[in-house]
Amino acid sequence: MTPIKGQFPERPPTLAEALYQGKEIGNKPENADEILNKLGISSNDSSNNNNSNNNNNSNNNNNNNKSKEIVNTDKKITRQPVIQKNSFIDSPIPQETETKIDAKYILPEQCEGVINLQMDYIFIRKSKMINYILRSRVFTSLLFGIISMISYYQVGDYFTDYTFSKGYWEGIKKLFMNSYFTDDLFKLVFLILIIIASSFTLLRYITSFLQEEGKSVPNNLNKYFPVDLKEYAALTNIEKNFNKLNKNDKEIVKNIKDLTYSIVYRDTPVAFLSLKRDGKNIEIIGYGVRRVYIKAELLKDLLSMFFKDHVINEKKVGEIEKITVKVYNFEKEDINLFKRAGFYKIKGENIGFITSTIFGVTLDTYEFDIDSIEF
């Protein structure tokens with residue numbers, strides 16, 4: 001090894017030091033014992049020292065191994081996530097499975113399914129928002145006004161009384177025989193296509209926050225569920241092994257049982273509802289329904305399960321003072337369902353200048369009125 005500037009290389013050991021310390025420097029000389037005796041060191045001492053060093057090293061290794069074994073026994077066993085049920089978001093539910101409907105809390109094997117349901121429901125929300133804006137008076141008026149102005153500017157001068165002096169069809173024939181008109185008409189069609197494409201680009205930009213929200217659901221599970229579903233998905237046989245769980249896992253299971261509801265059809269999650277509790281106030285933070293079952297009002301069934309457990313249940317009367325949920329004003333089906341269940345609007349929030357001020361989209365908060373319940 002090349003010495004570093006400012007440092008001196010290590011001095012090599014003498015023959016006696018090497019023999020005494022047990023270092024290997026080559027073949028042991030024949031008069032090694034004589035050299036050691038002259039130095040006042042017996043060969044037995046060196047062998048004993050070597051043996052003692054070896055014994056100490058072995059003891060240390062054994063102790064280290066024992067300590068490692070002790071440490072390993074203290075480590076928690078790594079839990080493997082349970083096999084998840086396929087939610088079949090992009091495909092029909094398999095018909096070969098048993099025709100069975102089950103309604104209870106979210107099970108560990110259903111975590112991936114309900115996450116996919118939440119993501120898909122947010123994407124459905126985005127589609128509803130685009131449809132709402134397309135049908136709004138502001139958007140249609142702006143689009144019609146812009147196209148009319150460009151059309152008049154581009155070909156308006158051709159439509160005169162002289163052009164149609166010999167009749168309507170003769171005037172149309174005369175226009176298409178005019179090369180200047182056909183050129184301007186082609187430009188007009190091209191401009192209209194650009195306007196339409198720009199309009200859809202604007203819609204995509206306006207609704208991009210919902211697209212990003214849907215994609216970010218797996219990274220923000222606590223925003224839509226009362227617990228971290230990644231931890232909950234690692235628990236197996238929670239009913240059978242509940243007493244064997246640690247305190248944190250028991251709390252997770254308890255929150256899931258109290259604050260989540262799920263409807264399963266043919267062994268596939270088709271709807272869910274999740275809540276967040278803050279003292280006597282409960283907020284509906286997540287819900288989703290498979291597209292083909294939205295009209296079946298499965299969300300109403302989930303709300304009914306929740307009310308029976310927390311509102312109508314005599315043992316829990318008075319534990320809840322307020323139930324709230326946030327819904328966009330373009331989600332008409334969900335709003336009507338919540339209203340029929342006893343919710344009423346208490347406030348609306350703007351979500352952006354273009355989105356709210358121009359197109360009128362708001363995020364509304366609805367509160368439950370226990371006196372108007374229909375269940």
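None of the figures in this text is laboratory data; all of them are computed from the coordinates on show. These numbers were taken from a predicted model, which means no experiment stands behind them. Heads up, the Cβs are rebuilt from the backbone with ideal geometry, glycines too, and the neighbour counts pull from every protein chain shown.
Quick notes on this structure:
- For trypsin sites (Lys or Arg not before Pro), the sites in the stretch 289-350 that DSSP calls loop and that have at most 11 other Cβ atoms within 10 Å are 295.
- Shape metrics for the stretch 114-166, restricted to C-alpha atoms - Rg then Dmax, Å: 21.0, 69
- Ordering 249, 102 from the fewest to the most neighbouring beta carbons within 10 Å gives 102, 249.
- Taking the number of Cβ atoms within 10 Å of each Cβ as an exposure proxy, the fewest-first ranking of 272, 139, 242 is 242, 139, 272.
- Computing Rg and the Kirkwood Rh from the Cα coordinates of the stretch 101-372 gives a ratio, Rg/Rh, of 1.20.
- All distinct Cα pairs of the stretch 234-356 go into the 1/r average, and the inverse of that average, the Kirkwood radius, is 16.6 Å.
- Fewest-first ordering of 292, 327 by other beta carbons within 10 Å of each residue's beta carbon gives 292, 327.
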